[in-house]
Amino acid sequence: MTISKQQITQYQDAGFLVLEGFAEAEECDRLRARAEELVQEFDPAEVVSIFSTREQNRLTDDYFLTSGDKIRFFFEENAFNPDGSLKCEKEKSINKIGHALHDLDPVFDRFSRSEKVKDLAQAIGLEKPLLAQSMYIFKQPNIGGEVTCHQDSTFLYTEPIDIAGLWFALEDATRENGCLWAIPGGHRRGLKSRWLRTQDGRMAFETYDAEPWPEDELVPLEVSKGSLILLHGLVPHRSFENRSARSRHAYTLHLIGAKAKYPADNWLQRSTPFRSF
């Protein structure tokens, strides 16, 4: 797949770009099947870590903070009964898998380092792009949690800002099952906050602009299976809860420019350097 100059202009203007049919249906099915295998191999008795964007500081634990170069599993907030037991089977309770699928799993590595992904990164101007983070997101039926409005550069900050998020729809994503929403041109508003490692080893938000996001400007990005949504690191985006009976599986990959500085107080740190294609 090639990306046109007009599409690059659209990306630069809006802060996001939808590329329909970027991934073949077979590629999507392969990633879904591999994620299912990984979940089957995961023993939830080993650790319980809950992912939440509403209570990020409180619920963040060492299992999460040391996952930058590992494959780990995080549960939905609403997956548990009051006694701590799962409401349903683990396959329907996981929020996401992160954060080094692209490095540690051959199926995800092959997809993430494909020529078409490499060509796209170069087309949008990422200089010597590095693969920084990957996530498999389930958006489970009935209990899929919301992701509040945010900028990716809040969590993966570089100096200068040089990051792109690649969001691959492995199933159709609609308003009903929790598609992405974004604010066109919102990347020009600057960085509103950073999520930092503090000196005592905890996490905290450093706020630069406390003005709430104008969420009335959000537009839905409803896409079909195989589509790619390209996101500028500063574009505000979110997804709502999934209360439908259909899941909304997606795979995300974050790329950064090799020449940009990646600070040591970013939450995601690794024992080995980021790798390129």
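Hey, any hits in segment 192-203 for a residue that's of a type in the set (Val, Ile, Thr) and either surrounded by 22 or more Cβ atoms within 10 Å (Cβ to Cβ) or within 28 Å of ALA25 (Cα to Cα) (or both)?
Filtering segment 192-203 for residues of a type in the set (Val, Ile, Thr) gives 198.
Then drop every residue that is not either surrounded by 22 or more Cβ atoms within 10 Å (Cβ to Cβ) or within 28 Å of ALA25 (Cα to Cα) (or both), which leaves none.
Taking every residue of segment 192-203 in turn, none turns out to be of a type in the set (Val, Ile, Thr) and either surrounded by 22 or more Cβ atoms within 10 Å (Cβ to Cβ) or within 28 Å of ALA25 (Cα to Cα) (or both).
With respect to (1) among the small types (Gly, Ala, Ser); (2) outside any strand (DSSP E or B); (3) without any contact (Cβ under 8 Å) to a residue 60 or more places away in the chain, the lone exception for SER153 is condition (3).
Going through (1) at pLDDT 95 or above; (2) in a loop (DSSP other than H, G, I, E, B); (3) out of contact with any strand residue (DSSP E or B) (no Cβ under 8 Å at 6 or more places or on another chain) one by one, ARG175 falls short only on (3). Condition check: closer than 20 Å to PHE74 by Cβ, of a type outside the set (A, V, I, L, M, F, W, C) and out of contact with any Ser or Thr (no Cβ under 6 Å at 6 or more places or on another chain). Does GLU171 satisfy that? It is true that GLU171 is closer than 20 Å to PHE74 by Cβ, of a type outside the set (A, V, I, L, M, F, W, C) and out of contact with any Ser or Thr (no Cβ under 6 Å at 6 or more places or on another chain). Pairs meeting the criteria (first residue in segment 115-128 and more than 16 Å from ASP162 (Cβ to Cβ), second residue aliphatic (A, V, I, L, M), beta carbons under 6 Å, at least 6 apart or on different chains) are LYS116/MET1. Just one of (1) at pLDDT 85 or above; (2) under 22 Å from ARG246 (Cβ atoms) fails for PHE16. It is (2).
Between LEU126, LEU120, LEU166, the distinction of being more than 21 Å from ARG197 (Cβ to Cβ) and assigned to a strand (DSSP E or B) belongs to LEU166 only.
The values are calculated or read from the model by the stated rules, or taken from the named source; none is laboratory data. Every value quoted in this text rests on a predicted model; they were computed, and no experiment measured them. Neighbour counts are summed over all protein chains in view; Cβ atoms, including those assigned to glycine, are modelled from backbone coordinates with ideal geometry.
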